[in-house]
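Input: a single structure, listed below in structure tokens.
The values are calculated or read from the model by the stated rules, or taken from the named source; none is laboratory data. Everything quoted here is computed from the prediction, not taken from an experiment. Cβ coordinates were reconstructed from backbone atoms using ideal geometry, including for glycine residues, and neighbour counts include every protein chain displayed.
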Amino acid sequence: MLADTLLKLSLLSFLAWRSTARFTSSRNFYPAAYPLAVRSPYLNAWIQSPKDTTTFGTSWPYHWDDKNVMGLAGYVRVDGTPFRWMGDNSLGNQTSLVSTEVTPTRSKFTILAGRVQLNVTFLSPIEPSDWVLQSLPFTYISIEVATTDGSPHNVQVYCDTSAEWVSGDRSKLARWNTTVSDDTTYHQATLFQQSSMSEINDVAEDSTMYFGMASSTSSSWKTGADEDVRKQFIRKGTLNNTMDTSFRAIQDHFVVFAHAVDLGNIIKSSSPTVWSLGLVRDPVSTFFVGVNSRTRSPYFLTHFNTVDDAVKSFIKGYKNAVKRADELDSKIMKDASAISNHYADLVALGARQTMAGIDITVPRGTDGKWNMSDVKAFMKDTGTSQRINPVEGLFSAFPAFLYLNSSLGGLLLDPLLEFQAYVGNRQFSAPDLGSYPRATGNPSNANNTALESTGNMLVMALAHAQLSGDGTLISRYYDLLKGWTDYLGAHTLHPQNQRSADGLDRSDQSNLAIKGIIGIAAMAKISKALNRESDYQTYSAKASNLSARWTKLATSGDHITSVYGDSQSRPLVYNLYADVLLRTNVVDSSIYSQQTRFYKTLTTTAQAFGLPYDDIAQEAQDFAKAPWTIFTAATVTQNETQGKLIDMVHARATFNGTRGDFPTTYRVSNGSVLVNSGQASPSQGAMFALLALSLPIQNMVAPPDAFSHAVQAAGLNGGTIAGAVIGTFGGIGLLALGFLLWWKRRKTLLQQESLKPIPFVPHMLYRQRAPDSVEMNLMYQNTPHRAVRGVLPADTSSDFSIPESEEPELTDLISHQPSQSVTNSNSTMHTTDTSQLRHEIATLRQHMNALQAHQEEIYFTSLPRHGTPPVIKP
């Protein structure tokens with residue numbers, strides 16, 4: 001008896017200690033804010049974790065800007081006693097935060113509530129190998145329960161959201177509804193009057209929120225005023241399945257949308273309780289080319305009849321989503337931990353906010369059907385500006401896209417290239433596509449960012465081609481890229497009136513100059529890959545010559561200077577990362593060794609949060625940039641110095657002396673940030689910079705030239721044409737005349753079409769992994785949901801080339817493949833009806849554009865099947 005009493009007293013003492021102890025982490029990683037529902041530019045909610053945080057029971061989640069509360073409250077009842085595990089209100093008892101963990105896809109919290117322990121997980125899936133799943137703007141919230149004393153306890157769990165998710169103006173009127181079926185129950189809320197593609201206080205004004213879960217006999221739901229709904233759960237442990245029909249302003253007796261589950265008397269829950277939260281917008285963006293401005297929808301709608309079908313499928317797909325997340329987390333963390341544990345933390349924290357920055361979109365054609373040949377992705381410059389597809393931000397984020405699935409990089413580059421090809425007569429790249437979410441283009445000819453943007457675009461174009469194996473973009477836009485390269489050749493060595501990605505605008509910036517030189521070297525590789533030998537020789541020689549001159553101008557003593565001739569200036573020469581990534585080797589190895597020694601010296605006296613990205617200007621002397629620090633770390637030749645640079649970024653990532661999501665820019669002295677410092681920015685995809693260096697260069701496949709293969713694509717080989725024309729027109733003279741006229745027309749078309757974009761068919765170029773869940777597979781039947789990724793076996797060499805003709809393997813993944821037989825990559829589709837040849841020759845000019853796109857489709861349909869990207873292993 002005495003022994004039992006002492007055991008109980010010891011257990012109570014232990015529980016009391018745990019309820020007051022500072023929480024811990026298996027990775028000793030405590031960021032100032034944890035990502036919760038981080039899935040899209042607008043579904044982007046975080047929970048602040050300032051110094052000495054011991055509970056989330058006094059905190060609301062906030063939008064990424066740390067200004068807007070995003071209503072989300074959680075309760076648990078243990079033997080009739082209520083505890084609050086999330087939300088800042090006075091109802092229920094406090095809980096204690098015991099431990100935390102951050103992975104690339106999840107934030108996990110262990111919470112103590114009386115005599116039960118809650119494992120609360122926020123899962124924002126990253127689905128790089130399936131564009132349907134990746135474009136679903138939904139997240140999961142799950143709870144697992146276990147008692148701490150080994151005895152059964154009566155437990156009920158609860159979670160609610162509010163209409164705060166659908167507007168930044170809480171005085172606006174909202175409406176809502178609840179849909180109940182045998183297997184799912186979900187609430188949805190939206191504004192009475194939406195404003196398409198607009199936002200207030202960074203919150204979208206055109207979204208519909210969905211909050212649901214699987215239906216069961218133990219689940220219940222309710223909508224109503226926040227205190228009324230929560231008090232009902234606290235008193236009874238259940239809800240009465242009723243809906244408040246008094247539609248009103250968001251802030252008028254805040255309406256909440258609640259779900260509760262009665263777990264009964266348990267020692268440990270048999271399975272997690274799971275809620276699904278989503279924020280859907282349709283359209284999500286517009287893209288303007290010429291006189292056409294098309295609205296674009298989220299890609300997932302191409303494979304579901306309605307949004308409701310998508311919601312139900314997502315709710316049912318939890319188990320398979322967890323399985324895929326486990327695989328991805330394991331792969332990323334294993335690769336990153338091989339470099340260092342601190343580096344793995346940075347990759348984990350940066351992954352979700354990078355992938356949440358993009359929308360994968362598709363428009364409808366004039367026939368009302370989805371135009372599957374026009375899939376494009378758009379990135380919001382979250383935390384910095386309202387720009388869409390900002391080139392310098394995309395350049396920073398690109399390592400993440402390359403590592404996760406380099407095909408995503410192509411979707412992001414394509415709209416930038418297409419718009420600028422259409423505009424024409426542009427010597428250099430534009431810095432963005434306008435203001436998010438309207439990609440109306442940036443037609444300005446202002447050239448103060450010309451070198452930065454142009455160098456970035458050439459680097460990214462080659463990186464995408466090398467690491468995906470897909471040469472479509474560099475082939476299609478070759479003339480555009482070549483024109484940009486000529487501009488760099490004339491201006492990059494001595495930058496004048498140019499602003500770098502740092503925001504610096506000094507003349508003769510060495511960091512900016514070397515980016516342009518590497519861009520020229522990238523074009524040399526592009527030319528070589530496309531068998532443009534003359535261009536390859538020209539640009540290769542140009543890059544080598546400029547690099548040698550740059551080295552003399554930029555080097556002073558033991559380091560590269562920020563500005564030529566200023567020996568006291570000490571930048572992080574992060575642009576060398578492009579040379580390392582692309583294997584262009586345009587910068588001599590001695591420069592890397594020299595800079596490594598110099599950085600090592602600087603780190604010995606560095607302040608708490610790292611090295612300034614530059615010290616030439618007052619505005620840069622006290623600020624570090626996390627992306628540029630990690631890019632620099634990827635260029636050093638010594639592990640110790642690399643580790644110190646990584647540790648500096650990690651020090652700021654774990655700093656919770658100030659509020660705010662993981663920023664890109666902060667003071668090295670105290671970690672503080674200014675406005676628009678890149679909080680929650682997708683630019684933190686730069687954390688993947690070291691991982692991207694391990695990716696193998698692929699053999700590149702480029703589409704055949706549409707005009708040189710136009711005759712073959714039409715089934716008109718030379719002999720057949722000659723025979724038919726001679727027989728029909730009565731002589732070789734007419735053949736010669738016809739050929740001459742056709743040739744002149746072809747030349748004119750070539751000139752007209754040299755910069756005009758042709759249809760992009762990414763679903764023919766990239767392969768995606770099939771969805772694992774039964775529910776998804778049922779939805780996907782008879783739809784071309786998988787994209788064929790044209791990647792041939794890896795080649796460790798630094799060059800790549802177009803393979804010769806090879807026997808195809810037609811795949812059942814292409815449900816819309818041509819009915820004609822395809823024999824090889826330059827295949828001829830045969831026909832025996834020569835009576836039609838005269839008509840086809842007469843209409844050849846009219847069909848040239850159609851043949852061009854058609855030949856590309858045939859070519860890529862015939863690519864061998866090579867499986868899923870190596871990063872995602874089934």
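Could you tell me whether Ala578 is assigned by TED's automatic domain parsing to the domain that holds Gly671, over 30 Å from Ala524 (Cβ atoms) and modelled with pLDDT of 95 or more?
On the way: assigned by TED's automatic domain parsing to the domain that holds Gly671: yes; over 30 Å from Ala524 (Cβ atoms): no; modelled with pLDDT of 95 or more: yes.
Judged against the criteria, Ala578 is not a match.
Only one of these conditions is not met by Leu417: (1) over 16 Å from Arg387 (Cα atoms); (2) within 19 Å of the chain's Cα centre (by Cα); (3) crowded, with 24+ Cβ neighbours inside 10 Å. Which number is it?
Every listed condition holds for Leu417 apart from (3).
Could you list, ordered by first residue, the pairs with Cβ atoms under 9 Å in which the first is in the stretch 300-315 and on the phi > 0 side of the Ramachandran plot and the second is modelled with pLDDT under 95, at least 6 apart or interchain?
none
Being at pLDDT below 95 and farther than 20 Å from Leu394 by Cα is the requirement here; does Asp505 meet it?
Spelling it out, Asp505 is indeed at pLDDT below 95 and farther than 20 Å from Leu394 by Cα.
Of the residues Gly92, Gly114, which single one is out of contact with any Asp or Glu (no Cβ under 9 Å at 6 or more places or on another chain), at positive phi and buried (at least 19 other Cβ atoms within 10 Å of the Cβ)? Before you say what the answer is, go through the steps one by one.
Values: Gly114 fails: out of contact with any Asp or Glu (no Cβ under 9 Å at 6 or more places or on another chain).
So the residue among Gly92, Gly114 that is out of contact with any Asp or Glu (no Cβ under 9 Å at 6 or more places or on another chain), at positive phi and buried (at least 19 other Cβ atoms within 10 Å of the Cβ) is Gly92.
Would you call Thr485 touching a Ser or Thr at 6+ places or on another chain (Cβ under 6 Å), of a type in the set (Ser, Thr, Tyr), in a helix (DSSP H, G or I) and touching a residue at least 24 places away in the same chain (Cβ under 8 Å)? Lay out the reasoning, then the answer.
Details: touching a Ser or Thr at 6+ places or on another chain (Cβ under 6 Å): no; of a type in the set (Ser, Thr, Tyr): yes; in a helix (DSSP H, G or I): yes; touching a residue at least 24 places away in the same chain (Cβ under 8 Å): yes.
Answer is no for this residue.
Taking the condition of being touching a Ser or Thr at 6+ places or on another chain (Cβ under 7 Å) and closer than 11 Å to Val586 by Cβ, how many residues in the stretch 517-544 meet it?
Of the residues in the stretch 517-544, the ones touching a Ser or Thr at 6+ places or on another chain (Cβ under 7 Å) are 517-525, 529-530, 535-536, 539.
Then drop every residue that is not closer than 11 Å to Val586 by Cβ, which leaves 517-522, 524-525, 539.
So the answer is 9.
In the list Leu136, Leu123, Leu191, Leu112, which residue meets the criterion of being closer than 18 Å to Val256 by Cα, in contact with a Lys or Arg (Cβ under 9 Å, 6 or more places away or on another chain), of a type outside the set (Ser, Thr, Tyr) and assigned by TED's automatic domain parsing to the domain that holds Phe247?
On the way: Leu136 fails: closer than 18 Å to Val256 by Cα; Leu123 fails: closer than 18 Å to Val256 by Cα; Leu112 fails: closer than 18 Å to Val256 by Cα.
Going through Leu136, Leu123, Leu191, Leu112 in turn, just one is closer than 18 Å to Val256 by Cα, in contact with a Lys or Arg (Cβ under 9 Å, 6 or more places away or on another chain), of a type outside the set (Ser, Thr, Tyr) and assigned by TED's automatic domain parsing to the domain that holds Phe247: Leu191.
Only one of Ser129, Ser124, Ser135 is within 30 Å of Phe300 (Cα to Cα), modelled with pLDDT under 95 and surrounded by 18 or more Cβ atoms within 10 Å (Cβ to Cβ). Can you tell me which? Please lay out each step first, then the result.
Working: Ser124 fails: modelled with pLDDT under 95; Ser135 fails: modelled with pLDDT under 95.
On inspection, the qualifying residue turns out to be Ser129.
Just need a number here: residues in the stretch 462-498 that are under 30 Å from Ser562 (Cβ atoms) and of a type in the set (Asp, Glu).
Matching residues across the stretch 462-498 total 1.
Select from the stretch 423-462 the residues that are touching a residue at least 60 places away in the same chain (Cβ under 8 Å), on the phi < 0 side of the Ramachandran plot and surrounded by fewer than 17 Cβ atoms within 10 Å (Cβ to Cβ) and list them in ascending order.
Within the stretch 423-462, Gln427, Thr440 qualify.
Kindly indicate which of Tyr539, Tyr599, Tyr613 is out of contact with any Asp or Glu (no Cβ under 7 Å at 6 or more places or on another chain) and under 21 Å from Asp647 (Cβ atoms). Before the answer, list the steps.
Values: Tyr539 fails: under 21 Å from Asp647 (Cβ atoms); Tyr613 fails: out of contact with any Asp or Glu (no Cβ under 7 Å at 6 or more places or on another chain).
Matching residue, one of Tyr539, Tyr599, Tyr613: Tyr599.
Taking helices (runs of 4 or more DSSP H) that fall entirely within the stretch 580-693, which contain at least 3 residues that are charged (D, E, K, R)? Give the steps one after another, and end with the answer.
Numbers: elements: 589-603, 626-633, 639-653, 689-692.
Hits in the stretch 580-693: 639-653.
Against the condition assigned to a helix (DSSP H, G or I), surrounded by fewer than 19 Cβ atoms within 10 Å (Cβ to Cβ), touching a helix residue (DSSP H, G or I) at 6+ places or on another chain (Cβ under 7 Å) and on the phi < 0 side of the Ramachandran plot, how does Lys552 come out, does it pass?
Numbers: assigned to a helix (DSSP H, G or I): yes; surrounded by fewer than 19 Cβ atoms within 10 Å (Cβ to Cβ): yes; touching a helix residue (DSSP H, G or I) at 6+ places or on another chain (Cβ under 7 Å): no; on the phi < 0 side of the Ramachandran plot: yes.
For Lys552, the condition - assigned to a helix (DSSP H, G or I), surrounded by fewer than 19 Cβ atoms within 10 Å (Cβ to Cβ), touching a helix residue (DSSP H, G or I) at 6+ places or on another chain (Cβ under 7 Å) and on the phi < 0 side of the Ramachandran plot - is not met.
Among the listed residues Phe247, Phe233, identify the single one that is assigned by TED's automatic domain parsing to the domain that holds Met70 and closer than 17 Å to Ala189 by Cβ. Don't jump to the end; show me each part of the working.
Working: Phe233 fails: closer than 17 Å to Ala189 by Cβ.
Criteria check complete, one pass: Phe247.
So in the stretch 343-382, with the set limited to residues that are of a type in the set (Gly, Ala, Ser) and either at pLDDT 95 or above or not assigned by TED's automatic domain parsing to the domain that holds Thr641 (or both), which one is farthest from Glu640 (Cα to Cα)? Let's see the steps before the verdict.
Applying the first criterion (of a type in the set (Gly, Ala, Ser)) to the stretch 343-382 yields 344, 348, 350-351, 356-357, 365, 368, 373, 377.
Keeping just the survivors that are either at pLDDT 95 or above or not assigned by TED's automatic domain parsing to the domain that holds Thr641 (or both) gives 344, 348, 350-351, 356-357, 377.
Details: Ala344: 16, Ala348: 22, Gly350: 23, Ala351: 25, Ala356: 33, Gly357: 33, Ala377: 38 Å.
Restricting to residues being of a type in the set (Gly, Ala, Ser) and either at pLDDT 95 or above or not assigned by TED's automatic domain parsing to the domain that holds Thr641 (or both), the top hit is Ala377.
This table checks each residue for (1) closer than 20 Å to Ile630 by Cβ; (2) out of contact with any Gly (no Cβ under 9 Å at 6 or more places or on another chain).
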site	(1), (2)
Leu279	no, yes
Val284	no, yes
Thr306	no, yes
Tyr343	yes, no
Val347	yes, yes
Ala351	yes, no
Asp367	no, yes
Asn371	no, no
Lys376	no, yes
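Out of the residues in the stretch 148-158 that are buried (at least 18 other Cβ atoms within 10 Å of the Cβ) and out of contact with any Leu (no Cβ under 7 Å at 6 or more places or on another chain), state the one that is nearest to Gly92 (Cα to Cα). Even if it seems obvious, please write down each step before you answer.
At the first step, the residues of the stretch 148-158 found to be buried (at least 18 other Cβ atoms within 10 Å of the Cβ) are 153, 155-158.
Checking which are out of contact with any Leu (no Cβ under 7 Å at 6 or more places or on another chain) leaves us with 153, 158.
Details: His153: 18, Tyr158: 12 Å.
Among them, the one singled out is Tyr158.
Only one of Tyr75, Tyr158 is touching a Cys at 6+ places or on another chain (Cβ under 9 Å), in a strand (DSSP E or B) and at pLDDT 95 or above. Can you tell me which? Outline the logic, then answer.
Numbers: Tyr158 fails: touching a Cys at 6+ places or on another chain (Cβ under 9 Å).
From the options Tyr75, Tyr158, the qualifying one is Tyr75.
Go through the stretch 330-377 and report how many residues are touching a helix residue (DSSP H, G or I) at 6+ places or on another chain (Cβ under 8 Å) and in a helix (DSSP H, G or I).
So the first thing to find is which residues in the stretch 330-377 are touching a helix residue (DSSP H, G or I) at 6+ places or on another chain (Cβ under 8 Å), and the list is 332-333, 335-337, 339-340, 342-351, 353-358, 360-362, 370, 372-373, 375-377.
With in a helix (DSSP H, G or I) added as a condition, the list becomes 332-333, 335-337, 342-351, 353-355.
Summing the residues that are touching a helix residue (DSSP H, G or I) at 6+ places or on another chain (Cβ under 8 Å) and in a helix (DSSP H, G or I) in the stretch 330-377 gives 18.
Given the conditions (1) touching a residue at least 40 places away in the same chain (Cβ under 8 Å); (2) closer than 27 Å to Leu277 by Cβ; (3) out of contact with any Ser or Thr (no Cβ under 7 Å at 6 or more places or on another chain), report the number of the one that Phe395 does not fulfil.
Of everything listed in (1) touching a residue at least 40 places away in the same chain (Cβ under 8 Å); (2) closer than 27 Å to Leu277 by Cβ; (3) out of contact with any Ser or Thr (no Cβ under 7 Å at 6 or more places or on another chain), Phe395 misses just condition (2).
Exactly one condition in (1) farther than 28 Å from Gly483 by Cβ; (2) of a type in the set (A, V, I, L, M); (3) not in a helix (DSSP H, G or I) is not met by Ala325; state its number.
With (1) farther than 28 Å from Gly483 by Cβ; (2) of a type in the set (A, V, I, L, M); (3) not in a helix (DSSP H, G or I) applied to Ala325, the lone miss is (3).
Regarding Ile143, is this residue on the phi < 0 side of the Ramachandran plot and assigned to a strand (DSSP E or B)?
On the way: on the phi < 0 side of the Ramachandran plot: yes; assigned to a strand (DSSP E or B): yes.
So Ile143 passes the test.
Please tell me if Leu504 is outside the structural domain of Phe288 (by TED's automatic domain parsing), surrounded by fewer than 23 Cβ atoms within 10 Å (Cβ to Cβ) and over 24 Å from the mean Cα position of the chain (by Cα).
Working: outside the structural domain of Phe288 (by TED's automatic domain parsing): yes; surrounded by fewer than 23 Cβ atoms within 10 Å (Cβ to Cβ): yes; over 24 Å from the mean Cα position of the chain (by Cα): yes.
Here the answer is yes, as Leu504 does meet what is asked.
Could you count how many residues in the stretch 108-135 are farther than 20 Å from Gly57 by Cα and part of a loop (DSSP other than H, G, I, E, B)?
8
Being assigned by TED's automatic domain parsing to the domain that holds Asn389, at pLDDT 90 or above and either of a type in the set (Ser, Thr, Tyr) or more than 29 Å from Ala461 (Cα to Cα) (or both) is the requirement here; does Asn676 meet it?
On the way: assigned by TED's automatic domain parsing to the domain that holds Asn389: yes; at pLDDT 90 or above: yes; either of a type in the set (Ser, Thr, Tyr) or more than 29 Å from Ala461 (Cα to Cα) (or both): no.
Answer is no for this residue.
In the stretch 507-549, what residues are assigned to a helix (DSSP H, G or I), surrounded by fewer than 23 Cβ atoms within 10 Å (Cβ to Cβ) and of a type in the set (Gly, Ala, Ser)?
Selection gives Ala529, Ser534, Ser540, Ala541, Ser544, Ala548.
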